[in-house]
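No lab work stands behind these numbers, since they all come straight from the coordinates. Bear in mind that the values here come from a model prediction, so they are computed numbers and not experimental data. Here the Cβ positions follow ideal geometry from the backbone for every residue, glycine too, while neighbour counts run over all protein chains shown.
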Amino acid sequence: LVLVACGPFTPSDGVAFDPLSDLLGVVARDQPDVCVLFGPFLDAKNEQVESCQLLGSFSDVFQLCLRTIIEGTRSSGCHLVLVPSLRDVALDFVYPQPPIPFLDLPKEDREVIPELWDPPFPKIP
């Protein structure tokens, strides 16, 4: 079973991750083999982001979202695939977009999430 979802994972007028929580509930219930999530994870078009009304930096809120996803899917045993978006406010706005940097995540979590570019970009040996 493969579950695929596309962000944003917040309502357009706030950064409450209620839609993300609902999605993580589906992951826990259905226990897919693979969960592919496309960004944006912290959307540049979000009203609170546009007006700079966040309680933390873009990077802090983005990393919190990523930790929530990783911790929320860990117990299901699924393989997690995260694909960046040009609308992710905490990521570099370049094309092709490099993989999501997992700065504050434990090494064991970073090792199980493949590094994907947007669009997919092959690694050159």
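Where the only charges are on Cβ atoms (+1 Lys, Arg; -1 Asp, Glu), what is the dipole of the range 2-109 about its Cα centre, to the nearest 20 debye?
Working: 6 positive and 15 negative charges, 37 e Å.
I would put it at about 180 debye.
Which chymotrypsin sites (Phe, Trp or Tyr not before Pro) from the range 6-56 combine a DSSP loop assignment with at most 13 other Cβ atoms within 10 Å? All intermediate terms of the calculation are to be shown ahead of the outcome.
On the way: sites: PHE9, PHE17, PHE38, PHE41; in loops: PHE9, PHE17, PHE41.
Sparse-neighbourhood loop chymotrypsin sites (Phe, Trp or Tyr not before Pro): none present.
For the chain, what is the mean residue ellipticity at 222 nm derived from helices alone (per DSSP H run of n ≥ 4: -39500 (n - 2.57); sum divided by total residues; nearest 500 deg cm²/dmol)?
Numbers: 4 runs with 40 residues, N = 125.
The helix-only estimate for the chain comes to -9500 deg cm²/dmol at 222 nm.
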Nonlocal amide H pairs with GLN97, under 5 Å, H built at 1.01 Å
ASP118
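Let me have the relative contact order for the chain, percent, based on Cα pairs under 8 Å that are six or more residues apart.
Values: 200 pairs, mean separation 31.3, N = 125.
Rounded, it is 25 percent for the chain.
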Along principal axes, Cα extents of the range 48-93, largest first, whole Å:
38, 22, 12
Between SER75, SER12, SER85, where does the largest GNM mean-square fluctuation fall for the chain, given springs only between Cα atoms within less than 10 Å?
SER75
In sequence order, calculated HN-Hα J values of the range 70-77 (Karplus, 6.51, -1.76, 1.60; Hz; x Gly/Pro):
5, 5, x, 9, 4, 5, 6, x
Spin-label model distance (nm) - SER21 vs ASP109, 7 Å beyond Cα toward Cβ:
1.8 nm
Let me know the shape class of the range 2-109, please: from the alpha-carbon gyration tensor, a ≥ b ≥ c as square roots of the eigenvalues, rounded when a/c is under 1.5, otherwise prolate if a/b is greater than b/c, or oblate.
prolate
Pop out the ³J(HN,Hα) list for the range 46-55 in order, Karplus 6.51 cos²θ - 1.76 cosθ + 1.60 with θ = phi - 60°, rounded to Hz; leave Gly and Pro as x.
5, 4, 5, 6, 4, 9, 6, 9, 7, 7
